[in-house]
Structure formats: C-alpha cells, structure tokens
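Data first, discussion second: the structure below is written as structure tokens.
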Amino acid sequence: MARMGLKVAVYGGSGYTGGELLRLLSGHPEVGGIEVSSRQHAGKVVGDVYPELAVRETFVEAGEIDGSSLDVAFVAYPHMESAGLVKELLAAGTRLVVDLSADFRLPDVAMYEEWYGPHPAPELLEEAHYGLPEVFGSPEGGRLVANPGCYPTAAILALAPVVKRIAVSSVSVNALSGVSGAGAKPTQKSHFVSANENVSPYGVSGGAPRHRHTPEIETMLRRFAPGTPNVTFVPHLLPISRGELETIYVDLPEGAELPGAGDVLGWFAEDYDGWAFVEGRPEVPQISHVVGTNRARLSVAVDERAGRLVLFSALDNLLKGASGAAVQNMNLALGYAETAGLEYLR
C-alpha cells in the first residue's frame, strides 16, 4: 500500500543515478507512491534487479505512467532523449520535473547545438532553473530544474567564491572520477579490463580538450563573473566505483595580489553559510572523505612561487553530483528542508 505523500516517478530507473534515486526516495519522509520506468527491465520487480534496494515496485514502460497524476518526475535519460519527455510531462501537468540530463543546463541554444546537437525543446530553456542552489539559489516555485553535471558541480562550488571576488587570467581543471560516472552501460573505456589498474584521460578530441561539461562550467561562472576566462577541463577515469576529486589551478593577472589560504577559506565559509552540504576545510580532501555522502568538501593551497591558487573539490558523483542533488532540489522546490531524506548523508 502506498504511503500518503508525494507521488513520484523515476524515468530511467535502471541506471546508476536511477538506482540511487530509488534508494533515497524510498526512505524520504514526504514521498508516498513511487513509479519507475525502464525499457530493459519492464515487468520485473525493482528489488529483484537491485537486491540491495528494499523496493517492491515493478519497472514499467514510460508510457504506462500518467504524468498528470505526478507531483514530481525525475528524468534520468541521456541527453537529447530527455527533453522530449520533459516537455510531455510539463504539458501533462506534472507539478515538478527534475532533469538529470544535460538538456536544460545550457541556456543558449546555439551553444547546446555546438556541443550536443539539435535541441528537442528549446522553448523550455528559459524556464529551467540551474539546480545548484548554494550558488544560484533555491528553485522554490519552479516547475523545471536542470540538475547540474557532477564535474561542473565540483568545479563551480570551488570557483564561484573566487571568481566573484577577484579577477583571474586562467583556469585549468584536472578532474578524476570513478567508473560509475561513465554510466551503467559498459563501453570499451569503462569495461573492467580497460579500467582496472589504469587511469585514463578522456574528453580530448582532435588533440584538444573537448569535454561537454566545459561550456557548462564557463557559462554558469560567467553569470556572476562575466570576465571568467575559457576553462581548460580534462577529466580522468579512475579504477574505482564512485567518487570524484578535482584539482583546479587558478592564475591571476600579472601584478595582482595573491590571496591567502585563510582568505579563500573565509570566502567558502561566507558563501556557503547555512547550506547543509558544502564545506570548506584547511586539509586537502580525499575521495574517501565524501563517498556515500551528499557533501561537497572544498579546500585551497596557495602556490606563492608560481603565483597561483590551487583549489580542491571532492564529492560523490552519484549523490551530490547527481541523485542526492536531485532530491535536494526537489526538497527546495517544494518548500521542504533541503536535508529531508538526506540527513544521514551529511
């Protein structure tokens, strides 16, 4: 019997982010019924496919879910597949849609088409709220939330307090992530034999860094710091299941005064005061510090010899980088405490 509360659907529930969403939502105090779609597993009991989840709902085809009856829909489809469904759900009257793809993260149609392809629903871009509330505010009252990418979440949280206060001349992001960040479907690069005992850069095309998260990082930073330079972003695949660490090199214009580590930590504390899931600390974070949490941990080192700042940002790519952030956005959009259903992940 469904509990009283929000009626929620997870579209694409058989992937890593979909599975994490089911785990979080099944214990959420405000969630009642959950419906979950999967083309691959339609007709199967969720708990039979994922024995670690105490979920007895059955996977269904997406078309079997009535969008008009939903309070919240989480769409965990790949980019360019998600936007069409999002459009249908909003037209049907779904109260809130949280999209975990890249389809509504970039507000510029031309930019989206340069990095992804033709946009399936460009008319909805202006309506989407970029769901990094610690930087861009709560989506309360909105109907469409664009959940950020995991790499941009880590980068923007570390960089935003810096670029809004001082001019910078260059930004380079060296990012490391577990294999779950590549999705549940095995590829030649993410297959165990390729990933095990190996570290490999990716998102490099034609001899140049060309990862699709690059314009997301630049665009969002330029919302409040228009002078932010182009970002060099290179991700690397680690032979671990989950977790993410970014080391970010920030150069200042010639002659500019380099801030101290205490200054930057103070900026972190000021900007993220009152938010539950972002913290700055003097010690450099490790992936093991944040795996299994919805927390982003930030730090800084000052390279006085080279005249640059070195920022560090660590998070769990499946939680604060995806599903945990999506639940946090749902909470804020509907007026609940941001920690609802996530208290144990702090």
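Overview of results
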read-out: Single condition residue 258 does not satisfy, out of (1) part of a loop (DSSP other than H, G, I, E, B); (2) more than 23 Å from residue 307 (Cβ to Cβ); value: (2)
read-out: Single condition residue 154 does not satisfy, out of (1) buried (at least 19 other Cβ atoms within 10 Å of the Cβ); (2) without any contact (Cβ under 8 Å) to a residue 60 or more places away in the chain; (3) of a type in the set (Gly, Ala, Ser); value: (2)
read-out: Single residue of segment 309-332 satisfying the filter (surrounded by fewer than 24 Cβ atoms within 10 Å (Cβ to Cβ) and of a type in the set (A, V, I, L, M)) that is farthest from residue 139 (Cα to Cα); value: 310
read-out: Residue satisfying all of: in segment 232-244; in a strand (DSSP E or B) and either modelled with pLDDT under 95 or not aromatic (Phe, Trp, Tyr) (or both); surrounded by the most Cβ atoms within 10 Å (Cβ to Cβ) among these; value: 244
read-out: Residue in segment 53-61 that is farther than 15 Å from residue 20 by Cβ and in a helix (DSSP H, G or I) present; value: no
read-out: Search result, residues across segment 190-243 that are of a type in the set (Lys, Arg) and within 16 Å of residue 175 (Cα to Cα); value: 210, 212, 242
read-out: Condition broken by residue 101, with the remaining ones in (1) among the hydroxyl-bearing types (Ser, Thr, Tyr); (2) under 25 Å from residue 280 (Cα atoms); (3) part of a loop (DSSP other than H, G, I, E, B) satisfied; value: (2)
read-out: Residue in segment 50-58 that is of a type in the set (Ser, Thr, Tyr) and more than 30 Å from residue 213 (Cβ to Cβ) present; value: yes
read-out: Segment 24-45, residues that are buried (at least 16 other Cβ atoms within 10 Å of the Cβ) and under 24 Å from the mean Cα position of the chain (by Cα); value: 24, 25, 26, 28, 30, 31, 34, 35, 36, 37, 38
read-out: Residue ID - surrounded by the fewest Cβ atoms within 10 Å (Cβ to Cβ), chosen from residues in segment 55-96 that are among the basic types (Lys, Arg) and in contact with a helix residue (DSSP H, G or I) (Cβ under 7 Å, 6 or more places away or on another chain); value: 56
read-out: Among (1) surrounded by fewer than 20 Cβ atoms within 10 Å (Cβ to Cβ); (2) touching a helix residue (DSSP H, G or I) at 6+ places or on another chain (Cβ under 8 Å); (3) assigned to a strand (DSSP E or B) - the single one residue 247 does not satisfy; value: (2)
read-out: Condition check for residue 126: over 19 Å from the mean Cα position of the chain (by Cα), within 30 Å of residue 94 (Cα to Cα) and not in a loop (DSSP other than H, G, I, E, B); value: yes
read-out: Residue check for residue 108: touching a residue at least 40 places away in the same chain (Cβ under 8 Å) and surrounded by fewer than 23 Cβ atoms within 10 Å (Cβ to Cβ); value: yes
read-out: Out of 8, 45, 49, sole residue that is touching a His at 6+ places or on another chain (Cβ under 9 Å) and farther than 22 Å from residue 141 by Cα; value: 49
read-out: Residues (among the hydrophobic types (A, V, I, L, M, F, W, C) and surrounded by fewer than 21 Cβ atoms within 10 Å (Cβ to Cβ)) located in segment 276-297; value: 276, 284, 287, 291
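The values are calculated or read from the model by the stated rules, or taken from the named source; none is laboratory data. Computed from a predicted structure; not experimentally measured. Using ideal geometry, Cβ is built from the backbone for each residue, glycine included, and neighbour counts are taken over all protein chains shown.
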